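I have placed the structure first, in the form of structure tokens, so that the comments after it can refer back to it.
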Amino acid sequence: MNDELLFDAVLRPNRSLAKNGFIVVMGLMSILCVFGGGMFMLAGAWPVTGFLGLELVLLYVAFQLNRRYGLLTETVQLRRSSLTVSRCSPGGHQTVWYFQPYWLKVEFNPEAEHTSRVILTSKGNRVSLGSFLSPRERAQFAKALTTALRHCASITPLTN
């Protein structure tokens, strides 16, 4: 059976801060909090030091939550007989949807800019993809998937 992969995309949230950048930011903030805390202690406002420490802890937690969210992935694979969408959450839970490419429709409104969504619809099933992508990336993905689906439809049907 000749059912080769016609389209394969892995979507991930953008992460602009690498591990080294995180270390630099946390180091600079630590130095700033220690210096600022020392200055406030010398001025007699020692309770501020505790709040600066709390601020540093909250910043660390926020970065860790952001890093964890970056583990989300969505995989879209198109073959002549099926389109498979797989979403793996940061916790490792995987959800998979299967579509027949002939009936599949890609909905995308490029005029919506920041509220635009890539939605796959087929026989009452709907899946939204790439909500974490920038508007430009969503438009590129929608165009690439639509082109791949057209190409798939133009290929001779599978024979048994």
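The values are calculated or read from the model by the stated rules, or taken from the named source; none is laboratory data. Everything numeric in this text was worked out from a predicted model, so none of it was measured. Every residue, glycine among them, receives a Cβ derived from its backbone with ideal geometry; neighbour counts consider all protein chains shown.
Hey, any hits in the range 138-155 for a residue that's of a type in the set (A, V, I, L, M), modelled with pLDDT under 90 and either loosely packed, with under 14 Cβ neighbours inside 10 Å or in contact with a Lys or Arg (Cβ under 6 Å, 6 or more places away or on another chain) (or both)? Taking every residue of the range 138-155 in turn, at least one turns out to be of a type in the set (A, V, I, L, M), modelled with pLDDT under 90 and either loosely packed, with under 14 Cβ neighbours inside 10 Å or in contact with a Lys or Arg (Cβ under 6 Å, 6 or more places away or on another chain) (or both).
When residue 65 is tested against (1) modelled with pLDDT under 95; (2) assigned by TED's automatic domain parsing to the domain that holds residue 125, just one condition goes unmet, and that condition is (2).
Quick test for you: out of 98, 102, pick the one residue that is at pLDDT 90 or above and either over 13 Å from the mean Cα position of the chain (by Cα) or over 21 Å from residue 12 (Cα atoms) (or both).
Step by step, each of 98, 102 is checked, and only 98 is at pLDDT 90 or above and either over 13 Å from the mean Cα position of the chain (by Cα) or over 21 Å from residue 12 (Cα atoms) (or both).
Has the range 111-118 got any residue that is over 18 Å from the mean Cα position of the chain (by Cα) and not aromatic (Phe, Trp, Tyr)? Quick ask: steps written out before the conclusion?
Residues of the range 111-118 that are over 18 Å from the mean Cα position of the chain (by Cα), as a first pass: 111-112.
Within this subset, residues satisfying the condition of being not aromatic (Phe, Trp, Tyr) are 111-112.
Yes, the conditions are met somewhere in the range 111-118.
A single entry from 106, 85 fulfils the requirement of being farther than 14 Å from residue 7 by Cα, of a type in the set (Val, Ile, Thr) and crowded, with 16+ Cβ neighbours inside 10 Å: 106. For the range 101-149, the tally of residues that are farther than 15 Å from residue 74 by Cα and among the aromatic types (Phe, Trp, Tyr) stands at 3.
Restricting the search to the range 1-21, which residues are in a loop (DSSP other than H, G, I, E, B) and of a type in the set (Gly, Ala, Ser)?
16, 18
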